[in-house]
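K.L.:
Handing you a structure now.
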Amino acid sequence: MTQLMKIQPFIQAYVQAIASILEADVTVVDQRLIRVAGTGDYSDEIGNTVSHTSFFESILKTGKSGIIRDVMKDPCCANCEKRTSCKELANLSYPIFQNERVVGIISIIAFREEQRENLRMHTEKLEEFLKYMSMLLESKLYTDEAKNRLEEQLKVVHDAERVWSFVGDSPKMREALRIGQKVAQSDSTVFLYGESGTGKEIMARMIHDLSNRREKLMISVNCAAIPEHLVESELFGYEEGAFTGAKKNGSIGKFELAHQSTIFLDEIGDMPLHVQTKLLRVLQEQQVERIGGKKPIPIDIRVICATNKNLAEMVAEGTFREDLYYRLNIIPIVLPPLRERKKDIPALVSYYLEYYHQKLGKTMLDFSQQAMQAMIQYDWPGNVRELKNIVEYLVNIVDGDFVDITDLPEHIMLSTADGKQMRTLDEMMADYEKRVLSRMIPKNASLEEKNQIADLLQISQATLYRKLKKYDLLS
């Protein structure tokens, strides 16, 4: 299927609009000389090969416009087998380009004498008109190509990550999952509340993957990560020449990209007020207008948004629009912080241990009782994301078969349950000493090797052997 035929419904509506303006019939053919769209008598010939091939073949080959002023006299029509029965009286055609290559032709057709006379009298003006109509089609092809290319690139990532997993069995997390799964089939807006690292994007992906829109890519936008002066153009797109530095052919926005899919607006509390106003209009009217654009573009989207801020307070302070807040806050889902579901920590540790063992090819580790207790008692300000990163660090760093408390980062090792250190300084020093000796002295080390290590540590051989016996490291 040619690129023009892929957007056939758009082109058909396009030529019908042009025909109503010109009061003449219009047709579009692709580079295979298949009629893509047409009005009048040609509306019934869509999908058929055109007959006057020599005229169109010349335009496809040269990339230049052409005109037949009189079908019965023009040399291009001399060898056409349908010449005597042809209903056309005249034809003005202009090439359609994509990436500087001719991919089709748009033509104004005269079936009546007054139409032919009009075409003859205003050839230059009509040719200039067709030029701009061709450029608009080229822009449509460009944006569709860019959108498809981006979707294909992101689909690779999407397919690789299309596994969402919530580990644990705490009541608050079960309730969040229950609501998310229940509303997935709806198109209602979902608002995810939770601290950074609680899994808001994973929840959004789960809702999308369980919805009727799952075959389309979910488009994610981090509102806090886009510079304020670029937010509007990133979300809504822009036309060529809309501002200094605008790309040729303009740019498609994230809302257009999410057509018939889901758009996830993360950190929406960081969205500038002037963009909030336009967002509210987009959500209410289900159509978007590009910067510099002259007509709205209909969109069919499902919105999921998220924040780690208190939007109710922001509304009271005047930093977030009240009407937008109520428009978005239709189905709220609260994701609990990890400190409120600490009984899930052992299951999360086991899950990410297995994940990184497979990903990094490391042997299985386990946590000592003291190490796990420290993990449970730590408050995890970075929530599950922080826990995941710590487990990845340990899988990379720890050489033994298990993770001891001294393997943990210092801020976790010294975590407390009641404001007091979990262990005495002597206990922690002993653990550290054992860890150093076990790594410096290989198994079945010779007497000479042990004496060398004693010299390196600047302790006597007797002290070294006493410590090895104390920590059960003698071999």
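K.L.:
Using a 1.4 Å probe over the heavy atoms of the protein chains, calculate the carbon and sulfur portion of the accessible area of the range 212-291 as a whole percent. Could the numbers behind the result be given before it?
P.N.:
Details: 1580 of 3590 Å².
Carbon plus sulfur share of accessible area: 44 percent.
K.L.:
I would also like to ask the following. Any chance you could check the Cα centroid distance between the range 433-455 and the range 170-228 for me, in angstrom?
P.N.:
Cα centroid of the range 433-455 versus Cα centroid of the range 170-228: 53 Å apart.
K.L.:
What does the helix-only formula give at 222 nm for the chain: each DSSP H stretch with n ≥ 4 adding -39500 (n - 2.57), the total divided by the residues, and the result rounded to the nearest 500 deg cm²/dmol?
P.N.:
On the way: 19 runs with 217 residues, N = 475.
It lands at -14000 deg cm²/dmol.
K.L.:
Using every alpha carbon pair in the range 320-423, what percent of pairs falls into each 5 Å bin from 0 up to the bin containing the largest distance?
P.N.:
Result returned by the calculation: 2, 12, 21, 20, 14, 9, 6, 5, 6, 4, 1, 0.
K.L.:
Oh, and also: Where both partners of a DSSP beta bridge lie in the chain, what percent of those bridges are antiparallel, to the nearest 5? Don't skip to the answer; put the middle values down first.
P.N.:
Details: 25 of 45 bridges.
Restricted to the chain, the bridges split so that about 55 percent are antiparallel.
K.L.:
Further question: P(r) for the range 171-303, please, calculated from all Cα pair distances in 10 Å bins and given in %.
P.N.:
12, 40, 34, 12, 2, 0
K.L.:
Taking all protein chains together and a probe of 1.4 Å, list Ser261, Ser446 from the most accessible to the least accessible.
P.N.:
Values: Ser261 0, Ser446 50 Å².
My answer, sorted largest first, is Ser446, Ser261.
K.L.:
Something else: Per residue, what accessible area does the chain have, given a 1.4 Å probe and all protein chains present, in Å²? The partial results should precede the final answer.
P.N.:
Numbers: 25120 Å² over 475 residues.
I get 53 Å² per residue for the chain.
K.L.:
Placing one identical point scatterer on every Cα of the range 7-116 and ignoring solvent, what is log10 I(q)/I(0) from the Debye formula at q = 0.22 Å⁻¹?
P.N.:
Cα-only, vacuum Debye calculation for the range 7-116: -1.32.
K.L.:
Over the Cα atoms of the chain, each weighted equally, I'd like the Debye log10 I(q)/I(0) at q = 0.07, 0.08 Å⁻¹, rounded to two decimals.
P.N.:
For the chain, the Cα-only Debye profile gives -0.60, -0.70.
K.L.:
Gln287's amide H: which non-local residues (gap 5+, or another chain) put their own amide H closer than 5 Å, with H modeled 1.01 Å from N in plane and none for Pro or chain starts?
P.N.:
Hits under the 5 Å cutoff: Ile299.
K.L.:
By how many nm would the segment from Asp399 to Asn148 lengthen if fully extended, with 0.36 nm per residue of separation less the alpha-carbon distance?
P.N.:
Residue separation times 0.36 nm, minus the Cα-Cα distance, leaves 85.8 nm.
K.L.:
Once you have the alpha carbon radius of gyration of the range 82-130, what is it after dividing by 2.2 N^0.38 Å, with N set to its residue count?
P.N.:
Values: Rg = 12.7 Å, N = 49, 2.2 N^0.38 = 9.7 Å.
Here the answer is 1.32, to two decimals.
K.L.:
With a cut-off of 8 Å between alpha carbons and a minimum separation of six or more residues, what is the relative contact order of the chain in percent? Write out the running numbers ahead of the final one.
P.N.:
Details: 693 pairs, mean separation 49.8, N = 475.
That works out to 10 percent.
K.L.:
Still on this structure, I have one more. Taking 0.36 nm per residue of sequence separation and subtracting the Cα-Cα distance, how much length would be gained by fully extending the chain between Leu474 and Asp366, in nm to one decimal? If you can, show how the numbers build up before the last one.
P.N.:
Numbers: separation 108, 0.36 × 108 = 38.88 nm, distance 2.38 nm.
Taking Leu474 through Asp366 to full extension adds about 36.5 nm, to one decimal.
K.L.:
Another one. Nearest 20 debye, what's the magnitude of the dipole of the range 252-327 about its Cα centre given +1 on Lys and Arg Cβ and -1 on Asp and Glu Cβ?
P.N.:
Working: 10 positive and 11 negative charges, 76 e Å.
Magnitude of the dipole: close to 360 debye.
K.L.:
Quick check on the range 271-392: take the gyration tensor over C-alpha atoms, sort the square-rooted eigenvalues as a ≥ b ≥ c, and tell me if it's rounded (a/c under 1.5), prolate or oblate.
P.N.:
Numbers: a/c = 3.83, a/b = 2.21, b/c = 1.73.
Verdict is prolate for the range 271-392.
K.L.:
Continuing with the same structure: Run the reach check for Lys73 against lysines, Cα to Cα strictly under 16 Å, same-chain hits fewer than 8 apart removed. What comes back?
P.N.:
Lys82, Lys87
K.L.:
Given +1 on the Cβ of Lys and Arg, -1 on the Cβ of Asp and Glu, and no further charges, what dipole in debye does the chain carry about its Cα centre, rounded to the nearest 20?
P.N.:
520
K.L.:
For the pair Asp300 and Glu340, what calculated FRET efficiency results from E = 1/(1 + (r/R0)^6), where r is the Cβ-Cβ distance and R0 = 60 Å, to the nearest 0.05?
P.N.:
0.95
K.L.:
Another question, if that's okay. Tell me, what is the FRET efficiency for Lys443 and Ser350 to the nearest 0.05, using R0 = 41 angstrom and their Cβ-Cβ distance as r? Mind showing how you got there, number by number?
P.N.:
Details: r = 28 Å, r/R0 = 0.69.
Plugging the Cβ-Cβ distance into 1/(1 + (r/R0)^6) gives 0.90.
K.L.:
Between the range 17-53 and the range 333-386, what is the C-alpha centre distance in whole Å?
P.N.:
64
K.L.:
With an 8 Å cut-off on Cα pairs and a minimum separation of 6 or more residues, tell me the relative contact order of the range 1-62 in percent.
P.N.:
Details: 72 pairs, mean separation 15.5, N = 62.
25 percent.
The values are calculated or read from the model by the stated rules, or taken from the named source; none is laboratory data. Worth saying up front: this structure is predicted, and the values here are computed from it rather than measured. Cβ sites come from the backbone with ideal geometry, for glycine too, and all protein chains shown count toward neighbours. Ligands, DNA and RNA are excluded from the accessible area calculation, which covers all protein heavy atoms including side chains. Shrake-Rupley method; radii C 1.70, N 1.55, O 1.52, S 1.80 Å.
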